[in-house]
Amino acid sequence: MSYKGGPSTLFGNAANFVAPLFALVESAYYKFFRRLSWRDSVEVLTQRLSLTSEVELKETCRSPVSLWFHGASLGETRTALAFCAAVLRALDRKNAVLFPYENNFQIRSLLFTSANVAAQEPLLRGLDFLNKTSLKTGTSAEFQRRLVPYDCPSCVNRFLSRFLPRNAIFIESELWPTLLQESKKKGVKLFLLDGRLSPASKERWTSSAFGTSMLKQMLTSFHFIGARNEEEAFFFKQFGCSNVKVIPPLKVLLPSGSEGDSVSLPTRFGPSWMVCRTVHKIASLKSLPKGISTHDPEEISLLRVHKRLCTTWKLERKPLLILAPRHVERTSKIFRAAQFIGFKPSEIAVHSRHSLSDNVSLLIIDSYGVLSSFFQQCKVVFVGNSLVPPGGGHNIAEPLHYKCVVLHGSYIKNFVETWRYLNIFNSSSPVTCMIQNEDNLFNRIQYFLLHLEKAHEWGEMGYTSVKEAEEFVVSSVLHELVFEPSTAIS
């Protein structure tokens, strides 16, 4: 069976009918369940449908977008910000030409889009940092942020007609059929960096002839694909992508604006350790009371470890655990879980609501984009979603930039390339500590908190490795996009 205009066209035509309904539902969700203001929830609707007023666009976009970055959620958006900052610094140092197929290419206006509303606030702070970076390098570019439009022809074409992007860099696996097809039609050069597809996504796309055809149409829209590893590169090439290369992981780059962040913890607290990005999973824990039966067993293990630390701690100032869940709306459930483990309500503080009293031993972070503020205060960081299967892990490189000892479980399939890559730059010993179980985690944390000089040594070793890796990543990836003026194509 054939589809006139291809599978993406059929998909796009169907999406045109449901987009307004989806926009209303999403806007209502953020208003009533995520507590956004009416103005912000309406803004979600207008940006998804690309209905932003022409007056606002004239104020925010005085020239066509020369470079457009897109990432699905907070992690990919932070990677895009970090890479953009590296691009600005590299162009300033090398006096090089970006995208040599353009005549006299200059960065005048940059656009960042995300599919996740939670990424917009951290993105605003990141753009402020990029603006300062551009002023230092003499670029004087405009920086804008938007939610990506719904993947239907009407929304996408309004978006492209208003912003007029010329080059687009997509991060990881954010593939939208209509967005890619229409962008290519309008002459936008598309690049996919850190490209990957999860096993589930591959199975979903290739389970039918229609899905396979649509995936091929999307992947061949890219001018260049920087794959995460050889396996991904082989997969992309199977679909007719000719310009595919394996590139180093972009996750080793320090997110933009992080270096200047800081927070001070009162000196009355003992050494602090941090757990970042624990993830909610459906799990049957019969020992837990009603209301917290679906908590991640990893989270329960971490709370037990800290309770054990506090109970056995012999020094005057007890350690402080800073727990940052991946989804901050779960704060109240984590609070109840901590009470079940044995913490008194007076020993638990929520970052945005409570002050740190003398007897607080657990601080729960309930806002996005503030992790870097606490990395500077912590000696030890455990990266979550890695101790209990199936796991997957989170970015293990970011805490290394702050000279933290980084611990994680063995289930880091989403970041195994980053882990391997970082260890290339330190062959004497691993740059992170891999934890096998709860007892192993307790022993490691207790050791480093009691021997801060050893924690300092590990932190310095990890910092050196991640900085060397960062420099190599930037030079390797930019080599595919940046050319010296003598080799530029006019």
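The values are calculated or read from the model by the stated rules, or taken from the named source; none is laboratory data. Quick caveat: nothing in here was measured; it's all calculated off a predicted structure. Neighbour counts are summed over all protein chains in view; Cβ atoms, including those assigned to glycine, are modelled from backbone coordinates with ideal geometry.
Could you check the range 161-255 for helices (runs of 4 or more DSSP H) lying wholly inside it with 1 or more residues that are not assigned by TED's automatic domain parsing to the domain that holds residue 65?
Qualifying helices (runs of 4 or more DSSP H): 199-206, 209-219, 230-238.
What about residue 381, is it modelled with pLDDT of 90 or more and under 22 Å from residue 118 (Cβ atoms)?
Spelling it out, residue 381 is indeed modelled with pLDDT of 90 or more and under 22 Å from residue 118 (Cβ atoms).
Considering only the range 82-122, state which residues are at pLDDT 65 or above, part of a strand (DSSP E or B) and farther than 30 Å from residue 40 by Cα.
Result: 98, single match.
Tell me, please, whether a residue that is among the polar types (S, T, N, Q), out of contact with any Asp or Glu (no Cβ under 7 Å at 6 or more places or on another chain) and surrounded by fewer than 17 Cβ atoms within 10 Å (Cβ to Cβ) can be found in the range 411-420.
No; the residues of the range 411-420 include none that is among the polar types (S, T, N, Q), out of contact with any Asp or Glu (no Cβ under 7 Å at 6 or more places or on another chain) and surrounded by fewer than 17 Cβ atoms within 10 Å (Cβ to Cβ).
Taking only the range 334-379 into account, find how many residues are within 24 Å of residue 122 (Cα to Cα) and not basic (Lys, Arg).
Here the count works out to 23.
Could you give me the residue pairs with C-beta distances under 9 Å whose first residue belongs to the range 340-351 and is β-branched (Val, Ile, Thr), whose second residue is in a strand (DSSP E or B) and crowded, with 17+ Cβ neighbours inside 10 Å wherever it lies, and which are 6+ apart or on separate chains?
Close Cβ pairs (under 9 Å, with a partner that is in a strand (DSSP E or B) and crowded, with 17+ Cβ neighbours inside 10 Å) amount to 348/362; 348/363; 348/364; 350/363; 350/364.
Kindly check whether there is at least one residue in the range 251-266 that is of a type in the set (A, V, I, L, M, F, W, C) and modelled with pLDDT of 90 or more.
Checked the range 251-266: at least one residue is of a type in the set (A, V, I, L, M, F, W, C) and modelled with pLDDT of 90 or more.
Any residue at all in the range 366-384 that's in a loop (DSSP other than H, G, I, E, B) and among the β-branched types (Val, Ile, Thr)?
yes
So which residues in the range 230-250 are farther than 16 Å from residue 479 by Cβ and either among the aromatic types (Phe, Trp, Tyr) or buried (at least 17 other Cβ atoms within 10 Å of the Cβ) (or both), if there are any at all?
Step one: filter the range 230-250 for residues farther than 16 Å from residue 479 by Cβ, giving 230-242.
Residues satisfying the conditions are 232, 233, 234, 235, 236, 239, 241.
Is it the case, given these coordinates, that residue 425 is among the aromatic types (Phe, Trp, Tyr), modelled with pLDDT under 90 and touching a helix residue (DSSP H, G or I) at 6+ places or on another chain (Cβ under 7 Å)? Walk me through it before giving the result.
Numbers: among the aromatic types (Phe, Trp, Tyr): yes; modelled with pLDDT under 90: yes; touching a helix residue (DSSP H, G or I) at 6+ places or on another chain (Cβ under 7 Å): yes.
Spelling it out, residue 425 is indeed among the aromatic types (Phe, Trp, Tyr), modelled with pLDDT under 90 and touching a helix residue (DSSP H, G or I) at 6+ places or on another chain (Cβ under 7 Å).
Could you tell me whether residue 441 is farther than 17 Å from residue 383 by Cβ, modelled with pLDDT of 90 or more and either assigned by TED's automatic domain parsing to the domain that holds residue 384 or exposed (fewer than 14 other Cβ atoms within 10 Å of the Cβ) (or both)?
Considered against the rule, which asks whether it is farther than 17 Å from residue 383 by Cβ, modelled with pLDDT of 90 or more and either assigned by TED's automatic domain parsing to the domain that holds residue 384 or exposed (fewer than 14 other Cβ atoms within 10 Å of the Cβ) (or both), residue 441 comes out as no.
Does residue 168 satisfy the condition of being surrounded by fewer than 20 Cβ atoms within 10 Å (Cβ to Cβ) and not hydroxyl-bearing (Ser, Thr, Tyr)? Reasoning before the result, please.
Working: surrounded by fewer than 20 Cβ atoms within 10 Å (Cβ to Cβ): no; not hydroxyl-bearing (Ser, Thr, Tyr): yes.
No.
Under the condition of being assigned to a loop (DSSP other than H, G, I, E, B) and touching a His at 6+ places or on another chain (Cβ under 9 Å), which residue from the range 342-365 is nearest to residue 307 (Cα to Cα)?
Looking at residues that are assigned to a loop (DSSP other than H, G, I, E, B) and touching a His at 6+ places or on another chain (Cβ under 9 Å), I get 343.
Considering each of 473, 416, 477, 466 in turn, give the residue that is without any contact (Cβ under 8 Å) to a residue 40 or more places away in the chain, part of a helix (DSSP H, G or I) and hydrophobic (A, V, I, L, M, F, W, C). Can you show your working first?
Working: 473 fails: without any contact (Cβ under 8 Å) to a residue 40 or more places away in the chain; 477 fails: without any contact (Cβ under 8 Å) to a residue 40 or more places away in the chain; 466 fails: without any contact (Cβ under 8 Å) to a residue 40 or more places away in the chain.
So the residue among 473, 416, 477, 466 that is without any contact (Cβ under 8 Å) to a residue 40 or more places away in the chain, part of a helix (DSSP H, G or I) and hydrophobic (A, V, I, L, M, F, W, C) is 416.
From the set of residues in the range 171-186 that are in contact (Cβ under 8 Å) with a residue 40 or more places away in the chain and more than 18 Å from residue 16 (Cβ to Cβ), which is surrounded by the most Cβ atoms within 10 Å (Cβ to Cβ)?
171
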